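Asks: Before we start, here is the structure in question, set down as structure tokens.
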Amino acid sequence: MLTRRSLLHGAAGCTLAASFPMSAMPAPEPNRRLKIAAIFTECRHRSHAHVILENFLEPYLFNGRWTEAGMDVVSFWQDQHPPQDLAAAMAAEYGVRTCGSVREALCLGGNRLAVDGVLSIAEHGEYPTNERGQKEYPRKRFFDAIVEVFRETGQVVPVFSDKHLSYRWDWAQEMYATARAMKIPLMAGSSVPLAERRPPLDLPPGAEIEEAISIHGGPFEVYDFHALEVLQSFMEARKGGEAGVARIQFLSGDALWKAADEGRWSEAIAEAAREADLGRDRPALRSLPREAAQTPAAPWGILAEYRDGTRGAVLRFNRTDIRWSFGCRLKGEKTPRATSFNVGPWDNRCLFKALSHAIQAHFRNREAPYPVERTLLATGMLEAAMTSRHEGARVVDTPDLAIAYAAKDFRALRETGASWKILTDAIPEPIGFERGRVRRKQLPGAGECTDE
């Protein structure tokens with residue numbers, strides 16, 4: 001089983017970390033607003049930096065109520081400056097310090113750590129794509145720069161690292177091991193598991209899941225990760241807890257259908273998930289066009305065999321990247337249980353309201369609201385799937401994914417759908433950043449702002 005000791009063994013940087021006595025920043029005084037540093041690749045309209053930061057700088061809707069972060073973004077450091085950059089104007093508008101280095105952003109020009117939390121958002125921007133089809137976002141480079149400041153100052157604060165830990169599994173292991181060794185509260189992962197579930201679905205405690213399927217409609221790799229985290233957000237709570245994944249295979253086109261014929265993934269469960277999303281009048285799976293396996297529109301799937309024998313799959317059948325659904329069969333039940341994930345108006349932008357709310361809870365409580373091991377496991381599953389795809393659909397054994405962990409109850413951080421009764425598709429989407437008082441005049445009925 002993958003343990004703290006096995007992760008630390010051979011992880012570059014962890015030996016160095018052990019040489020530095022680390023301590024958490026002192027607990028903030030009651031009612032003191034936290035100071036947050038933001039490290040990001042780029043900030044343009046609808047980039048992850050934009051849609052996360054807007055919920056730190058202005059009030060946002062969460063479960064039907066206006067909510068304030070209760071903390072201030074005090075510094076920016078960005079890796080790239082696109083022509084459509086929003087960061088400069090935003091920094092001027094909100095009095096955010098723009099910095100020439102990660103160290104300056106975390107120390108605010110001094111020699112001591114001067115912030116209470118760090119947003120590390122390495123998504124979007126011009127970065128290379130490798131031969132496996134993975135975008136080489138600098139998540140590990142950002143993390144290393146943050147850790148270097150922690151080592152220099154001898155103090156640590158909570159860090160949020162957007163999406164999966166790295167496109168390289170060894171780097172993801174090192175990030176996780178370093179955080180454990182240095183006692184850095186680390187949160188990462190996807191926004192989608194926090195979305196409204198239609199119909200509502202929570203599995204009973206200790207559910208015995210026989211098979212589960214997560215379906216998405218987005219692009220290769222970047223959206224496969226989201227669907228893996230949706231899958232894992234259910235699977236981790238099954239009876240016995242999470243024990244890890246034994247093997248992974250990526251299939252597309254006719255090979256995916258053949259796997260269904262062989263009983264390796266259940267069409268009945270997939271149809272239940274699609275019905276939760278699209279209704280009874282949807283076209284049947286077998287009636288969908290079967291594009292050639294090499295085309296972007298071809299269906300594909302990631303088949304996972306868990307170490308305890310449970311089967312899981314991520315399937316890409318939809319044609320739009322705002323559709324997500326999940327289905328599973330529990331032991332002793334013939335009818336699958338299923339739900340879809342409602343992202344709210346403005347495509348996927350509103351997913352980041354609940355995610356930002358969860359990140360703020362992480363900074364405030366100095367503890368991730370759900371296990372970072374979820375993201376570690378999903379990162380490894382994705383990397384194995386990319387290997388399988390690159391090597392002609394080879395079954396990839398994954399002994400390194402023997403990752404055991406216990407689930408946490410994160411229901412309080414999920415959107416219930418109350419916000420989408422106030423903010424609807426009829427409300428125009430703002431371009432860039434908009435002062436909350438303007439938006440709030442257009443959205444009556446959400447009550448006064450609360451500082452959570």
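Each reported figure results from applying straightforward, stated rules to the coordinates on display, with no laboratory input. Here the structure is a predicted model, which is why all the values come from computation and not from measurement. Please note: Cβ atoms are built from the backbone with ideal geometry, for glycine as well, and neighbour counts cover all protein chains shown.
Asks: Just going by the charge dipole of the chain, with Lys and Arg at +1 and Asp and Glu at -1 on Cβ, which of Pro204, Ala227, Phe363 is farthest out on the positive end?
Replies: Most positive-ward Cα: Pro204.
Asks: Over all Cα pairs of the chain, how is the pair count split among 20 Å bins, expressed in % and running from 0 up to the last occupied bin?
Replies: Values per bin, smallest distances first: 25, 58, 17, 0.
Asks: May I ask you to sort Lys334, Lys35 by Cβ crowding, counting other Cβ atoms within 10 Å and putting the fewest first?
Replies: Listing Lys334, Lys35 from fewest to most nearby Cβ atoms yields Lys334, Lys35.
Asks: Working from the alpha-carbon coordinates of region 103-178, get Rg over Rh, Rh being the Kirkwood radius.
Replies: 1.01
Asks: Starting from region 56-152, pick out the GluC sites (Glu not before Pro) whose DSSP state is loop and whose Cβ has at most 11 other Cβ atoms within 10 Å.
Replies: Here the GluC sites (Glu not before Pro) that fit, given the DSSP loop and packing criteria, are Glu126, Glu131.
Asks: While we're looking at this one, here's another question. Relative contact order for the chain: what is it in percent, counting Cα pairs under 8 Å that are at least 6 residues apart?
Replies: Averaging sequence separation for qualifying contacts and normalising by length gives 23 percent for the chain.
Asks: While we're on this one: Work out the length of the dipole vector of the chain about its Cα centre, built from +1 on the beta-carbon of each Lys and Arg and -1 on the beta-carbon of each Asp and Glu, and round it to the nearest 20 debye.
Replies: Roughly 600 debye for the chain.
Asks: Does a label point 7 Å from the Cα of Arg32, set along Cα-to-beta-carbon, have any residues of region 65-91 with amide nitrogen under 19 Å, and which are they?
Replies: Of the residues in region 65-91, 69-75 have backbone N under 19 Å from the label point off Arg32.
Asks: Once you keep just the Cα pairs under 8 angstrom separated by 6 or more residues, what percentage relative contact order results for region 351-436?
Replies: Over region 351-436, the number comes to 32 percent.
Asks: Any chance you could run the full-extension gain for Asp409 through Leu278? It's 0.36 nm times the residue separation minus the Cα-Cα distance, nm to one decimal.
Replies: Full-extension gain reported as 44.4 nm.
Asks: Please report, for the Cα atoms of region 313-383, the Rg to one decimal and the Dmax as a whole number; what are they, in angstrom?
Replies: 15.7, 43
Asks: For region 76-91 and region 119-165, what is the separation of their C-alpha centers, rounded to whole Å?
Replies: 17 Å
Asks: Right, here's the next one. Note down the relative contact order for region 190-272 as a percent, whole number, built from C-alpha pairs under 8 angstrom at least six residues apart.
Replies: 33 percent
Asks: Can you tally the lysine pairs in the chain where the Cα-Cα distance is under 27 Å and the two residues are eight or more apart, or on different chains?
Replies: Step by step, the pairs that qualify in the chain add up to 26.
Asks: Still on this model: For region 199-263, count the residues as N, evaluate 2.2 N^0.38 Å, and divide the Cα radius of gyration by that value, please.
Replies: Relative to the 2.2 N^0.38 Å estimate, region 199-263 comes out at 1.27.
Asks: With a Cα-only, solvent-free Debye model of region 196-342, what are the log10 I(q)/I(0) values at q = 0.11 Å⁻¹?
Replies: Ignoring solvent entirely, the Cα scatterers give -0.36.
Asks: Now for a different question. Considering the options Gly244, Pro128, Pro82, tell which one lies farthest towards the positive end of the dipole of the chain, charges being +1 on Lys and Arg and -1 on Asp and Glu at the Cβ, about the Cα centre.
Replies: Going by the charge dipole, the pick is Gly244.
Asks: What is the gain in length, in nm to one decimal, between Glu267 and Thr335 on full extension, counting 0.36 nm per residue of separation less the C-alpha to C-alpha distance?
Replies: Difference between extended and current length: 23.2 nm.
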